[in-house]
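Trainee: Could you have a look at this structure, given as structure tokens, before my questions?
The values are calculated or read from the model by the stated rules, or taken from the named source; none is laboratory data. This is a predicted model, so every value here is computed, not measured. Cβ placement follows ideal geometry from the backbone for every residue including glycine, while neighbour counts extend to all protein chains displayed. We work out accessible area using only protein heavy atoms, side chains counted, and drop any ligands, DNA or RNA first. Shrake-Rupley method; radii C 1.70, N 1.55, O 1.52, S 1.80 Å.
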Amino acid sequence: MDRFKIQGGRRLEGTVRISGAKNAALPAMAAALLTSDPVTLQNIPHVRDIITMAKLLAHMRCRVESPDLPPSEFTIQAETVSLQEAPYELVKTMRASVLTLGPLLARFGYARVSLPGGCAIGARPIDIHIQALERLGAQISVEHGYVEARCKRLRGATFRFPKITVTGTENILTAAVLAEGETILENSALEPEVTDLAELLIKMGAKIEGVGTSTLRVQGVSSLHGATHAIIPDRIETGTFLVAGAITGGDLLLTDCEPQHLVAVLNKLKECGVEIKCEGNGTLRVRAAKKLVAADVTTEEYPGFATDMQAQFMALATQATGISHVRETIFENRYMHASEIMRMGANIAVDGNLAVITGPTPLSGAPVTASDLRASASLVLAGLVADNTTWIDRVYHIDRGYERIEDKLRAIGARIERV
Ligand code: EPZ
């Protein structure tokens, strides 16, 4: 299993190109199941989850082609999908496989998708996905670890999400576009990845109103056609590199990003004393604060502070003067990184969903273990500022969501290698 070896203490300087958003590319790839025409997706990030989704679509006998390797563009054609099934072997490595449920059901009237296991950060059930599909007329049974859904043709309905769910909104939206009649989805997620999916669906001929609001109104159509769509930049990768620049006292230029998608994170970092400037046309500049100061963060659904940035912020807070309070409200167990960063010398007290970080504390390199995608990013950030050497185990977690992060970091001066 790959490990990272990081020798900390270097200021990061230079330019980083931000990749396409994994969490926008995954639902977009699944949406290609809705039509027999080719769908071309550009600005695809080279991350493991994307490869898994491509394998899953190929398993369903979709044609999945890319002009380059590693793929930054996919053309997916679901013309002869003879297998409407997402098997456990593939789903267990990537929960987002559940995003094929809605499109398969809407297009073929049948889907059999393995229940995604929980994961390190929480149980992550899909009960709301199932409730919503049943409201659209699907007969659903859950047995032997699989969700089996059938429906001759989905019928439009009004559904209010009892809890805001990102992939839940995406799953139901991709089902409703081919349902008969009107579907109104209330309390929908507002994440930019949901909006990006809606814009792709509209390019494919779907009729959706209220995009970017919590009430989506869909007029079902009988079929959709192909489209070409560029995936939005990854707002979490952007935030991660902003913290990398801040925590190392560096000076970074981030290109091909969309600052509007992480305003809450930008404001919080500025509150900590980080200098951030929008330089126009998708470029952000981040410079070390004179002195980092503590700040409090509560994670919230978009447009609030993203839960996917909580671990990265915690790493920064260990270097800020004062006491920072972090409250995680989305997932029930998203502090695994805290105990690992404590082993490097951080002063963190976790009590339920509240973490109290007292800084600044010098961090010293240590062997640590990654537990989930964003926790591993925070361990890398801590390693960049720790003295001597940090070894990070199980970096396959980080490969799921960051495109060759060690190459991007080395290009701006970090001493990091994959061993
Ligand atoms: C998406 O996960 C993202 N993944 C996550 O990113 C992200 O952390 C999360 O949204 C929150 O922003 C993708 O988009 C592929 P939710 P998702 O459904 O959709 C509960 C990463 O790092 N819930 O919005 O699975 C759930 O348990 C990943 O790339 C139910 O109870 O998250 C959680 O507490 C990690 N029943 C809350 O809602 C349901 O049916 C929000 O979950 C669905 C969700």
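Trainee: For K268, what accessible area in Å² do you get when you roll a 1.4 Å probe over the heavy atoms of the protein chains, rounding to the nearest 10?
Mentor: Result for K268: roughly 40 Å² accessible.
Trainee: Also, I was wondering about something else. So which aspartates and glutamates can K270 reach, going by Cα to Cα under 13 Å and dropping same-chain residues fewer than 8 places off?
Mentor: D296
Trainee: Under 8 Å for C-alpha pairs, at least 6 residues apart: give me the relative contact order for the range 305-419, rounded to a whole percent.
Mentor: RCO, the range 305-419: 25 percent.
Trainee: So which lysines pass the test for K277, namely a Cα distance under 28 Å, with those fewer than 8 places away in the same chain ruled out?
Mentor: K22, K268, K290, K291, K408
Trainee: While we're looking at this one, here's another question. Dividing the convex hull volume of the alpha carbon atoms of the range 321-416 by its residue count, what do you get in Å³ per residue?
Mentor: 99
Trainee: Taking the full set of protein chains and a 1.4 angstrom probe, give the accessible area of T389 in square angstrom, rounded to the nearest 10.
Mentor: Probe radius 1.4 Å; accessible area of T389 about 40 Å².
Trainee: Another question about this same structure. If you take the square roots of the eigenvalues of the alpha-carbon gyration tensor of the range 78-233 and sort them as a ≥ b ≥ c, do you get rounded (a/c under 1.5), prolate (a/b over b/c) or oblate?
Mentor: Since a/c stays below 1.5, the shape of the range 78-233 is classed as rounded.
Trainee: Could you state the angle between the C-alpha long axis of helix 192-203 and the longest principal axis of the C-alpha atoms of the chain, as a value from 0 to 90 degrees rounded to the nearest 10?
Mentor: So the inclination is approximately 30 degrees.
Trainee: Taking Rh as the Kirkwood radius, which is the inverse of the mean 1/r over Cα pairs, what is the Rg/Rh value for the range 121-162?
Mentor: Dividing the radius of gyration by the Kirkwood radius yields 1.02.
Trainee: With unit charges on the beta carbons (Lys and Arg positive, Asp and Glu negative) and the dipole taken about the Cα centre of the chain, which residue among A377, V113, P125 sits farthest to the positive side?
Mentor: A377
Trainee: For the range 170-242, divide the Cα radius of gyration by the Kirkwood radius and give the resulting Rg/Rh value with two decimals.
Mentor: 1.03
Trainee: Continuing with this model, one more query. Name the longest site-free stretch of the chain, where the excluded sites are GluC sites (Glu not before Pro) in a DSSP loop with no more than 15 other beta-carbon atoms within 10 Å.
Mentor: With a cap of 15 other Cβ atoms within 10 Å, the longest stretch comes to 80-299.
Trainee: Using only the heavy atoms of the protein chains and a 1.4 Å probe, how would S222, S82 rank by accessible area, largest first?
Mentor: From most accessible down to least: S222, S82.
Trainee: Right, next: Rounded, prolate or oblate for the range 257-377? Axes are the square roots of the Cα gyration tensor eigenvalues, ordered a ≥ b ≥ c, and the cut-off for rounded is a/c under 1.5.
Mentor: Here the range 257-377 falls in the prolate category.
Trainee: Per the 1.4 Å probe, what fraction of the accessible area of the range 50-176, in percent, lies on carbon and sulfur atoms?
Mentor: Reported share for carbon and sulfur atoms: 51 percent.
Trainee: What ³J(HN,Hα) values, in whole Hz, does the Karplus curve 6.51 cos²θ - 1.76 cosθ + 1.60 give for the range 308-323 when θ = phi - 60°, with x put for Gly and Pro?
Mentor: Each residue's phi maps through the Karplus curve to give 6, 10, 5, 5, 5, 5, 4, 4, 5, 4, 5, 9, 8, 7, x, 10 Hz.
Trainee: Could you pull out every one of the lysines with an alpha carbon less than 30 Å from that of K152, ignoring same-chain neighbours closer than 8 positions?
Mentor: K55, K92, K163, K203, K207
Trainee: Counting alpha carbon pairs within less than 8 Å and at least 6 residues apart, what relative contact order, in whole percent, applies to the range 222-297?
Mentor: 31
Trainee: While we're looking at this one, here's another question. With +1 assigned to the C-beta of every Lys and Arg and -1 to the C-beta of every Asp and Glu, and no other charges, what is the dipole magnitude of the chain about the Cα centre in debye, to the nearest 20?
Mentor: 320
Trainee: Now a separate question. If you wrap the range 1-104's Cα atoms in a convex hull and average its projection over all directions, what's the area in nm²?
Mentor: It is 8.3 nm².
Trainee: Considering only protein heavy atoms, what per residue accessible area in square angstrom results for the chain with a 1.4 angstrom probe?
Mentor: That works out to 38 Å² per residue.
Trainee: Looking at the chain, send over the antiparallel percent of its DSSP beta bridges, to the nearest 5.
Mentor: 70
Trainee: So, one more: Restricting things to alpha carbons, find the Rg to Rh ratio for the range 142-267 using the Kirkwood radius for Rh.
Mentor: In the range 142-267, Rg relative to Rh is 1.08.
Trainee: Also: If you look at just the Cα atoms of the chain, how large are its Rg and its Dmax in Å?
Mentor: Just the Cα atoms of the chain yield Rg and Dmax of 21.3, 63 Å.
Trainee: Taking H as built 1.01 Å from N, whose amide H comes closer than 5 Å to the amide H of S371, not counting residues under 5 places away?
Mentor: The answer is S376.
Trainee: For a quick check: with amide H placed at 1.01 Å from N, whose amide H comes under 5 Å from T329's, ignoring anything fewer than 5 positions away on the same chain?
Mentor: The list, which skips near neighbours in sequence, is T299.
Trainee: Could you pull out every residue, at least 5 positions away or on a different chain, whose amide H is within less than 5 Å of the one on G226? Hs are placed 1.01 Å off N in the peptide plane, and Pro or chain starts have none.
Mentor: D37
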